[in-house]
Every structure is written in C-alpha cells, then in structure tokens.
1. When you look at residue 149, is it open to solvent by 100 Å² or more (accessible area, probe 1.4 Å) and at pLDDT below 90, yes or no?
2. Of everything in region 7-52 that's open to solvent by less than 90 Å² (accessible area, probe 1.4 Å) and outside any helix (DSSP H, G or I), which residue is nearest to residue 216 (Cα to Cα)?
3. Restrict the check to region 217-230 and report whether at least one residue is within 17 Å of residue 127 (Cα to Cα) and either open to solvent by less than 60 Å² (accessible area, probe 1.4 Å) or among the polar types (S, T, N, Q) (or both).
4. Can you confirm whether region 7-29 contains a residue that is of a type in the set (Phe, Trp, Tyr) and without any contact (Cβ under 8 Å) to a residue 12 or more places away in the chain?
5. Does any residue in region 199-210 that is at negative phi and open to solvent by 10 Å² or more (accessible area, probe 1.4 Å) come within less than 7 Å, Cβ to Cβ, of a residue that is in a helix (DSSP H, G or I) and aliphatic (A, V, I, L, M) six or more places away or on a different chain, and which pairs are these?
6. Here is a list: 203, 155. Which entry is modelled with pLDDT under 90 and either under 30 Å from residue 107 (Cα atoms) or not aromatic (Phe, Trp, Tyr) (or both)?
Amino acid sequence: MRKALGNAGAVLFWVVVWQLAAMAANRSLLLPIPTPVDTARALWRMALQGGFWLTVGASLLRICAGFLLALLLGGICAFAAARWPLFRQLTAPLVQLIRAIPVAVFTIVVFLWVSRPYIPSTIVFLTVLPIVWSNVETGLRNADRQLSEMARVFGMGRWDVLRRVTLPGIRPYVTSAVTTGVGFAWKSGIAAEVICRTQGSLGDLLWSGKASVSYDEVFALTVVIVVCSGLLQRAATGLRRKEEHHDPS
C-alpha cells in the first residue's frame, strides 16, 4: 500500500508539472499544448466509441502474435545454435544484421514484400527474435552438463532430461528475454503501425490525430499506449516472479 501511494504521488506530481508547463507555454504558442484536462476529455470521448477498443485490441493482437512467434522460433534457433556450432557460425552475421537495422528502416524494407496488416507483427518478430535467441542460447551454454549426464546415468530419457533438467536450468534466461522483449515488442509494433499506416491500429489513430492537428487525441492515445505497455510489463514481471518461486519437482 505504501509503495502504491508513493507511485500515485509521483504520477500526480508529474501531472501537476505537465499542467503548469502547458499553462505557461500556451501563452506564446499558436497551437496550444493539451493539458491533462484536455487529454482526459479526449480520452473519454474516444472511450465512448466502441470501435476504439476494437482498435486497441487489434494492436495488442498484432504485437502479441509477433512476440509469440519470435519466442517460439528464437528458442528453436537457440537450441540449434547450442547444439551445432556450424549453424551458430552461419547465422551469427544474420542475427547481428537484424540487431543493427533500425525499426524505421526495417519497416520500409518489409513494406516492399509484406502486406500492410502484417507489417507490425513482422517488425515485432524481427525485433524480439535476437533477444530471445541470445538469452536462451546463453542459458544453454551455461547449463550444468554434469547434471544432465548424471540424469542420463540414472536412466532418464532425453525428454525427461529436457523437461526436468534443461528447461528448469534455462528458465531464468527465458523469463529475462520475455521481460526485456515485451517492452521492445510494444515500442517497435506501435512505431511500425505509425510508419506504414496500418488500418484499425493505434499507430494509424496517432497519425490521423497529428494530421488533423487534434493534439489532445494524440496525447490521449499516448496515455493509452503507455498504460498498455505498463500492463504488459507488469504481466511479464509477474511471470518472472512466478518462475522464481516455481518448484521444479
């Protein structure tokens, strides 16, 4: 409760700073900065529209789809890289290339071959894939091989060794990848929606608000994006805490 009150107090402090800064700046600006009250009104106005929440859900669905695909394929590639050095050597330049290319460049390049509705999921996939790949591979390389060999000596099959020894050993690395990847996934997904103007997305609403000079709606949408990001991060953090208290037995 004390922590919650402290966080609420910090948020309230910055809302007051925002209000005062907007009031001071709007005296000399042709296009006024939306105040917290203006933003709240715009948010309430959009919230009353049923299509708005469908748009929020669609953006969440696209980003989660790309994230889950990256989690799956990144784990498979990490196992392959840890098992076969040649595979790791051949794919290392590709992974480094994916890491180096900015989201905006990726979005423009992907736009040439991928349909617009699928671009955000593709960008999220490419952004999160190296994170999952490197974390899981690190976990596999740091795994206690003597423990795995001991399990085989006691008659455990490969599946049992994987389920009872290998996966519990790399669990902290997987949860770390999930926690880190969620933030990158959300940011890159929204950025891709803005750049490629994906229909029925938060990014498209942001662009439309900017084009129509409806800055109160832009600020309101930013609040929604920040709240969604916080909820996803909280879910990822909850997963990490759950795994930390997980009993492999």
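1. Against the criterion (open to solvent by 100 Å² or more (accessible area, probe 1.4 Å) and at pLDDT below 90), residue 149 qualifies.
2. Checking each candidate, the answer is 34.
3. Within region 217-230 (the criterion being within 17 Å of residue 127 (Cα to Cα) and either open to solvent by less than 60 Å² (accessible area, probe 1.4 Å) or among the polar types (S, T, N, Q) (or both)), the answer is yes, since at least one residue qualifies.
4. Yes; the residues of region 7-29 include at least one that is of a type in the set (Phe, Trp, Tyr) and without any contact (Cβ under 8 Å) to a residue 12 or more places away in the chain.
5. Between residues of region 199-210 that are at negative phi and open to solvent by 10 Å² or more (accessible area, probe 1.4 Å) and residues that are in a helix (DSSP H, G or I) and aliphatic (A, V, I, L, M), the close pairs are 205/221; 206/194; 206/218; 206/221; 207/194; 210/218.
6. After applying the criteria, what remains is 155.
Residue by residue, here is whether (1) of a type in the set (A, V, I, L, M); (2) closer than 23 Å to residue 174 by Cα; (3) modelled with pLDDT under 90 holds:
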{"position": "41", "(1), (2), (3)": "no, no, no"}
{"position": "44", "(1), (2), (3)": "no, no, no"}
{"position": "62", "(1), (2), (3)": "no, yes, no"}
{"position": "111", "(1), (2), (3)": "no, no, yes"}
{"position": "145", "(1), (2), (3)": "no, yes, yes"}
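Yes or no, residue by residue, for (1) open to solvent by less than 50 Å² (accessible area, probe 1.4 Å); (2) touching a strand residue (DSSP E or B) at 6+ places or on another chain (Cβ under 6 Å); (3) without any contact (Cβ under 8 Å) to a residue 40 or more places away in the chain; (4) closer than 14 Å to residue 127 by Cα:
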| position | (1), (2), (3), (4) |
| --- | --- |
| 69 | no, no, no, yes |
| 83 | no, no, yes, no |
| 86 | no, no, yes, no |
| 94 | no, no, yes, yes |
| 98 | yes, no, yes, yes |
| 111 | no, no, no, no |
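The values are calculated or read from the model by the stated rules, or taken from the named source; none is laboratory data. For clarity, every value in this text was computed on a predicted model and none was experimentally measured. Here Cβ is always computed from backbone atoms with ideal geometry, including for glycine, and neighbour counts include all displayed protein chains. Please note that ligands, DNA and RNA were not included when accessible areas were found on the heavy atoms of the full protein model with its side chains. Shrake-Rupley method; radii C 1.70, N 1.55, O 1.52, S 1.80 Å.
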